[in-house]
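> Sharing a structure here in structure tokens format.
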Amino acid sequence: MDDDVKPIDLTNLIWCALGIAVTGGAAWYENAWLLNFIHVMCGVLWTGIDLFMGFVVGPIMRTLPPPARRAMILRLMPKTLFLLPTLSIMTTTAGYYHAQQLGFLALDWPQYGWVLAALVIVTILTVQGLGFLLPSNLLVYFEMRKPVPDGARIGRLMRRYVYAVAFQGCMQIAIIVVMARFVTGL
């Protein structure tokens, strides 16, 4: 293992908790401006990072020699481990409470179909992100930290991971389409 690669820094949980607390406070006080700001900014960051990682970083990493790929994963993973789940939680929480404020959860059909589409897509993104991608990232990260990583195990994990990331990218594009519909009027 590289001496300059630090283990996962759990003090990052402080920043995660702070972001989630601000989101909770905005929901508690029903601050429409802050809920909208959190929803839009965190959503842009979450979606942008997901798409950048999936369509730019992923293809580049596949072309790197194994030592460079290992070095990249060992430095990138500890950062995204905290950032992406926190952004997803803040985006969806702020979005739900802001939609409730704006009356979107009480719309009649067919307008409610757009709300339902948003809820389904966000549920898929969240379950896949927290239930599959995050654990897969951790397994690969911890395997890569071993003095002699099991390449076959990493390969198996990454094959499934690539398909999941591609699907995640498609869902991120779908949520952009749905959100554009909200902004331009249902």
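All of the numbers you see were taken from the coordinates with simple rules; none came from a lab. No experiment lies behind these values; they were computed from the predicted model shown. Cβ placement follows ideal geometry from the backbone for every residue including glycine, while neighbour counts extend to all protein chains displayed.
> For Trp109 and Thr63, compute 0.36 nm times the residue count separating them, minus their Cα-Cα distance, and round to one decimal in nm. Working shown, then result.
Working: separation 46, 0.36 × 46 = 16.56 nm, distance 4.80 nm.
Stretched out fully, the Trp109 to Thr63 stretch lengthens by 11.8 nm.
> Please give the contour-minus-distance gain from Leu116 to Ser136: 0.36 nm per residue of separation, less the Cα-Cα distance, rounded to one decimal in nm. Let's see the in-between values first.
Working: separation 20, 0.36 × 20 = 7.20 nm, distance 2.86 nm.
So the extension gain works out to 4.3 nm.
> Hey, another quick one. Could you give the size of the charge dipole of the chain about its Cα centre, using +1 on the Cβ of each K and R and -1 on the Cβ of each D and E, expressed in debye and rounded to the nearest 20? Intermediate results must be reported in sequence, preceding the final value.
Numbers: 13 positive and 9 negative charges, 137 e Å.
Dipole of the chain, to the nearest 20 debye: 660 debye.
> Which of the following values of Cα Rg over 2.2 N^0.38 Å was calculated from the structure shown: (1) 1.15; (2) 0.99; (3) 1.34?
Here Cα Rg over 2.2 N^0.38 Å agrees with entry (1).
> Which listed residue (His39, Gly129, Ala164) has the Cα farthest towards the positive end of the charge dipole for the chain, taking +1 on Lys and Arg C-beta and -1 on Asp and Glu C-beta about the Cα centre?
Highest projection toward the positive end goes to Ala164.
> In whole angstrom, and with the biggest value first, how far do the Cα coordinates of the stretch 31-94 range along each principal axis?
49, 20, 12
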